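Shown next, in C-alpha cells, is the structure this report addresses.
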Amino acid sequence: MEPLTERQNQIYQFVQQQIQSRGFPPTVREIARHFRVFPKAVQDHLAALERKGVLRRVQERARGLVLEARGLVTASLRLPILGRVPAGVPLEAIADVEDYLAVDEAMAKRANFVLRVKGDSMAPMLLDSDMVLVQHTPVADNGDIVVATVDDGESTVKRLRRGGREYFLEPINPAYPILRGNIAVVGKVTSLIRTFF
C-alpha cells in the first residue's frame, strides 16, 4: 500500500474520530472547516485516500465516507468487559470479567474497562446494548457522563450535575427521575461503541 501523506493521515484520523465520537462521518465542509482549507482541497485528499484503498466515498450522500480497514494496521489493546450497567434504575454492576474487547490504542489510552448499557434512561445518547469505555476515576466534572454508585453501592450510568453544593445524577430520557443521595463516581465514560446488528 502506498503510504499516506501527513495531511491524508490527519484527515483519515479526523474522519475515524468523528465516526467513533458521533456515530457518523463528517461532511466535506466539516472537514474543510476543521483543517481551515477549501472544500476542493478536501475533495482532492479524499480522492487520494480512496485511490490508496483506505476510504470509500458513497456518491450523492453528504456523509458518505466509509473507512476501509484493509491495508491499515492499527495497534489495538484488549479491555475487560465487566458486565452491564443500568441506564435505567440503578442495579449492582457485575464486577467479574465477562469477556475482552479489542479497541484502538488511542481509545484504550483513555479507558480501563468496558460496560454494556442496559435500559433507556440515557436515550437517545446511550441505547440498550451499547458498550461504553470507562476511565476508572473518582473525579468528574459537571456535565460528564459517569458510572456512579448511589447510596447503597448500586451502579448506574448518568450525567453528573451540580446544583449548589449538591451533586446529582441526571438521565437524558425525561421519563426517568433525577437520582440524589450519596453519590460516588466510579469512572467517566470516554467512548461509545454501538453495533447495528
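Just so it is clear, none of the values below were taken in a lab; they were calculated from the coordinates. Given the structure is predicted, the values throughout are model-derived calculations rather than measurements. In this analysis, Cβ positions are derived from the backbone assuming ideal geometry, glycine residues included, and neighbour counts consider all displayed protein chains.
Here are the numbers:
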quantity: Neighbourhood charge, 13 Å Cβ-Cβ cut-off, centred on ARG29 and excluding it, Lys, Arg +1 and Asp, Glu -1; calculated: +3
quantity: Separation between Cα centres of segment 178-197 and segment 1-56, rounded to whole Å; calculated: 30 Å
quantity: Amide hydrogen neighbours beyond the local backbone of VAL186, cut-off 5 Å, H modeled; calculated: VAL147, ALA148, THR149
quantity: Viscosity 1.306 mPa s, 10 °C: Kirkwood-radius Stokes-Einstein D of segment 6-67 over Cα pairs, µm²/s; calculated: 140 µm²/s
quantity: Under 21 Å from LYS158, Cα to Cα: lysines that are on another chain or at least 8 residues apart; calculated: LYS118, LYS188
quantity: Phi to ³J(HN,Hα) by Karplus 6.51 cos²θ - 1.76 cosθ + 1.60 over segment 18-31, Hz, x for Gly, Pro; calculated: 5, 5, 5, 8, 9, x, 8, x, x, 7, 4, 5, 5, 5
